[in-house]
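S.K.: Starting off with a structure, shown below.
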Amino acid sequence: MIQSFNKINQIKGEISFSGDKSISHRALLISSLAEGKSRIKNLSDNDDVKATIKCLQDLGIEIDSNGEEVAVNGRGFKGYQKPPNQLNASNSGTTARLLAGILSAQNFESVISGELSLSSRPMNRIVEPLTLMGGVVKSIHGKLPLHIYPSDKLNSITYEMPIASAQVKSAILLAGLHLDSESRVIESRQTRNHTETFLNLNVIKEEGKIISSVSKKNYPHAKDYFIPGDVSSAMYFIVLTLVAEKSELLIKDVSLNPTRIKGLSLLKKMGGNIQIEFTGESNKELFGNVLVKSSYLSNVKIDPKIIPLIIDEIPILAVSGVFAEGAFEIRDAGELRVKESDRIKSLISNFRLLGLEVEEYTDGFRISGEVKKTVKPFNSYEDHRVAMAFAILSCLLEDGGKVEGFESVSKSNPDFLQQLKSISS
Ligand code: S3P
C-alpha cells in the first residue's frame with residue numbers, strides 16, 4: 001500500500017502512546033511464568049506483541065482482555081503445556097529470541113517458526129549461548145525455525161556478550177531463571193535493561209562492564225503492571241515537532257527508562273528544546289511527560305557507546321540529521337544490517353531519492369547536502385521504522401511525499417496515522 005503525506009504546517013497538542021513494545025513482551029512472558037493472575041494495563045496492541053500473546057496461548061496460558069486491562073493466568077515453574085503445533089513468532093525477533101530462552105528450560109519439545117522477514121534474521125546469537133548452557137536448540141544455517149528439545153543437563157554460565165543485544169542477554173537470563181545456580185551475563189556496552197528490572201536482578205558495574213546475575217531465586221510472582229507509553233514510537237513525533245515551525249507537543253506517560261532515552265538526550269545535544277518530567281514508576285520502570293518545541297538543530301558527533309541504546313531510533317534520528325546543520329554520521333552500528341531490513345541500505349537508498357550526498361560504510365553511513373525534490377515514493381522495505389521515518393520526512397517536504405509498503409507500521413504502532421492527524425494542521 002502506498003501512503004501519501006502532505007506537508008505539515010504546524011504540530012500542536014497532546015498525545016500518549018500505547019505500552020512500550022519491549023516492556024509489553026516482557027510483561028506477558030514474565031506473567032506467564034509466574035503462578036496465578038497478573039493484570040497488565042496499557043499493553044501494546046501491535047502485531048509483534050500479538051505474536052507473543054498467540055505463542056503463549058499455544059503454550060497453554062490463558063490470556064483475556066476486558067478492553068481496560070489484559071489478564072494473564074500464569075502456570076508457575078515449568079508449567080507451560082507442549083504446544084499442539086509450531087509456535088509462530090510472526091516477524092517479532094523479541095518473541096522468538098526471548099521465548100527460545102524460556103523453552104530451552106522446559107520439559108517438552110517445541111519449534112519456533114516465523115514469517116519471511118524474521119526467517120532471514122540471525123538466530124545463532126542465541127543458539128550459541130543456550131547450547132553453552134546445555135540447552136538443546138537446533139537451527140539450520142542459523143535461522144528460524146528453531147527446534148528446542150528438553151535437556152537434563154541445563155547448567156548456569158558466565159557469558160561475555162560478543163555483540164550488544166538485549167534480546168540475546170534476555171534469552172540467557174530467562175533460561176538461567178530456571179536454574180538453582182547463578183548465571184551471569186557480562187556486557188561491555190549497555191543495552192536496554194527491562195528484563196533485569198522485571199526480575200529484580202542484581203546488576204553491578206565492574207571495570208566498565210555491566211554484570212547481571214540470575215537464578216531461580218529471581219523467579220517471578222504474579223503482579224499488576226502498568227506499561228508506560230512507547231518512547232521509540234514517540235520519537236517520530238518528537239522529531240516532527242522539532243523540525244516543523246511554531247510547533248509544540250506534550251507527550252504524556254511515556255517510558256523514561258534511562259536505557260531508552262539516549263535518543264532524546266542526543267536530540268537535546270543537537271539543540272532540541274525538549275523538557276523531560278519524571279512523574280512516576282511502575283515496577284521500577286520510570287515514566288513521565290515530554291514537552292517538545294520547534295528548534296534549530298545542528299548535527300553532533302555520536303558517541304559509539306550509545307549506539308545499542310539508540311539502535312531502534314537511528315532511522316528517525318537520521319531524518320532529524322537531514323534537517324540539521326552539518327552532516328549526519330553514524331558509525332559502529334553494524335547491527336542495523338540485521339534488523340527488520342538492512343537499515344543501512346534501506347535508509348541510504350531512500351535518502352538518495354532526495355538527491356542527498358550519501359556515503360555507505362560497513363557499520364554506518366553519512367548524509368550531507370541539500371534536500372531536493374523527490375518524485376518517486378520512498379520504500380519502507382517492509383520495515384516499520386523505515387516506513388515511519390520517511391512518513392515524517394515526507395510531512396516536512398514542501399510537496400509532501402509517499403511511502404510504499406506503509407502497512408508495515410502495524411508491527412510497532414498501528415495508531416501512527418490517526419495520531420499524526422490528531423496533532424497536525
Ligand atoms: C529489543 C532489543 C533490540 C531492539 C528490538 C527490541 C528488545 O534488539 O532492536 O527492537 O525488546 O529486547 P537487539 O537487542 O537484538 O539489538
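The values are calculated or read from the model by the stated rules, or taken from the named source; none is laboratory data. Remember, it's a predicted structure, so these values are computed and weren't measured experimentally. Every residue, glycine among them, receives a Cβ derived from its backbone with ideal geometry; neighbour counts consider all protein chains shown. Keep in mind that these areas ignore ligands, DNA and RNA; they rest on the heavy atoms of the full protein, side chains included. Shrake-Rupley method; radii C 1.70, N 1.55, O 1.52, S 1.80 Å.
S.K.: From the list ILE102, ILE148, exactly one residue is among the β-branched types (Val, Ile, Thr), within 16 Å of the ligand (Cβ to nearest atom) and crowded, with 16+ Cβ neighbours inside 10 Å. Which is it?
M.R.: ILE102
S.K.: Which one of ILE310, ILE302 is of a type in the set (Val, Ile, Thr) and either open to solvent by less than 10 Å² (accessible area, probe 1.4 Å) or under 15 Å from the mean Cα position of the chain (by Cα) (or both)? Steps first, answer last, please.
M.R.: Numbers: ILE302 fails: either open to solvent by less than 10 Å² (accessible area, probe 1.4 Å) or under 15 Å from the mean Cα position of the chain (by Cα) (or both).
None of the others qualify; the one that does is ILE310.
S.K.: Additional query: Residue under question is LYS21, and the condition is that it be at pLDDT 95 or above and within 16 Å of the ligand (Cβ to nearest atom); does it hold?
M.R.: So LYS21 passes the test.
S.K.: Collect the residues in the stretch 314-364 that are open to solvent by less than 20 Å² (accessible area, probe 1.4 Å), within 22 Å of LYS411 (Cβ to Cβ) and assigned to a loop (DSSP other than H, G, I, E, B), keeping them in residue-number order.
M.R.: ALA333, SER341
S.K.: Looking only at the stretch 365-391, which residues are outside any strand (DSSP E or B) and open to solvent by 40 Å² or more (accessible area, probe 1.4 Å)?
M.R.: Listed by number, the residues that qualify are GLY369, GLU370, VAL371, LYS372, LYS373, VAL375, LYS376, PRO377, TYR381, GLU382.
S.K.: For the subset of the stretch 281-293 comprising residues that are surrounded by fewer than 19 Cβ atoms within 10 Å (Cβ to Cβ) and over 26 Å from ALA27 (Cβ atoms), which member is nearest to the ligand (Cβ to nearest atom)?
M.R.: LEU291
S.K.: Considering only residues that are within 21 Å of SER188 (Cα to Cα) and touching a residue at least 60 places away in the same chain (Cβ under 8 Å), which ones fall in the stretch 315-338? Break it down into steps so the answer makes sense when it comes.
M.R.: Pass one, the stretch 315-338, residues within 21 Å of SER188 (Cα to Cα): 330-338.
Of everything in the stretch 315-338, those that are within 21 Å of SER188 (Cα to Cα) and touching a residue at least 60 places away in the same chain (Cβ under 8 Å) turn out to be GLU335, VAL338.
S.K.: Quick check, is LYS169 among the basic types (Lys, Arg), crowded, with 24+ Cβ neighbours inside 10 Å and on the phi < 0 side of the Ramachandran plot?
M.R.: When the stated conditions are applied, LYS169 passes them.
S.K.: So SER320 passes all but one of these: (1) touching a strand residue (DSSP E or B) at 6+ places or on another chain (Cβ under 6 Å); (2) within 19 Å of ASP383 (Cα to Cα). Which condition number does it fail?
M.R.: All conditions are met except number (1).
S.K.: Looking at the stretch 37-47, is at least one residue at positive phi and open to solvent by 10 Å² or more (accessible area, probe 1.4 Å)? If you could, list the steps in order and put the result at the bottom.
M.R.: At the first step, the residues of the stretch 37-47 found to be at positive phi are 42.
From what's left, open to solvent by 10 Å² or more (accessible area, probe 1.4 Å): 42.
The answer is yes, given that some residue of the stretch 37-47 is at positive phi and open to solvent by 10 Å² or more (accessible area, probe 1.4 Å).
S.K.: Can you tell me which condition ILE251 does not meet? The list is (1) buried (at least 22 other Cβ atoms within 10 Å of the Cβ); (2) within 16 Å of the ligand (Cβ to nearest atom); (3) more than 18 Å from the chain's Cα centre (by Cα), and all the others hold.
M.R.: (2)
S.K.: Given LYS143, LYS153, which one is more than 19 Å from PRO220 (Cβ to Cβ), among the charged types (D, E, K, R), more than 25 Å from the chain's Cα centre (by Cα) and surrounded by fewer than 21 Cβ atoms within 10 Å (Cβ to Cβ)?
M.R.: Matching residue, one of LYS143, LYS153: LYS153.
S.K.: Condition (residue is more than 22 Å from PRO258 (Cα to Cα), of a type in the set (A, V, I, L, M), buried (at least 17 other Cβ atoms within 10 Å of the Cβ) and touching a helix residue (DSSP H, G or I) at 6+ places or on another chain (Cβ under 7 Å)) applied to the stretch 199-212: is it met by at least one residue?
M.R.: no
S.K.: Can you work out which of the residues in the stretch 200-218 that are hydroxyl-bearing (Ser, Thr, Tyr) and in contact with a strand residue (DSSP E or B) (Cβ under 6 Å, 6 or more places away or on another chain) is nearest to ALA166 (Cα to Cα)? It would help to see each step written out before you state the result.
M.R.: Narrowing the stretch 200-218 to residues hydroxyl-bearing (Ser, Thr, Tyr): 212-213, 215.
Now restrict to residues that are in contact with a strand residue (DSSP E or B) (Cβ under 6 Å, 6 or more places away or on another chain): 212-213.
On the way: SER212: 12, SER213: 14 Å.
Top of the filtered list is SER212.
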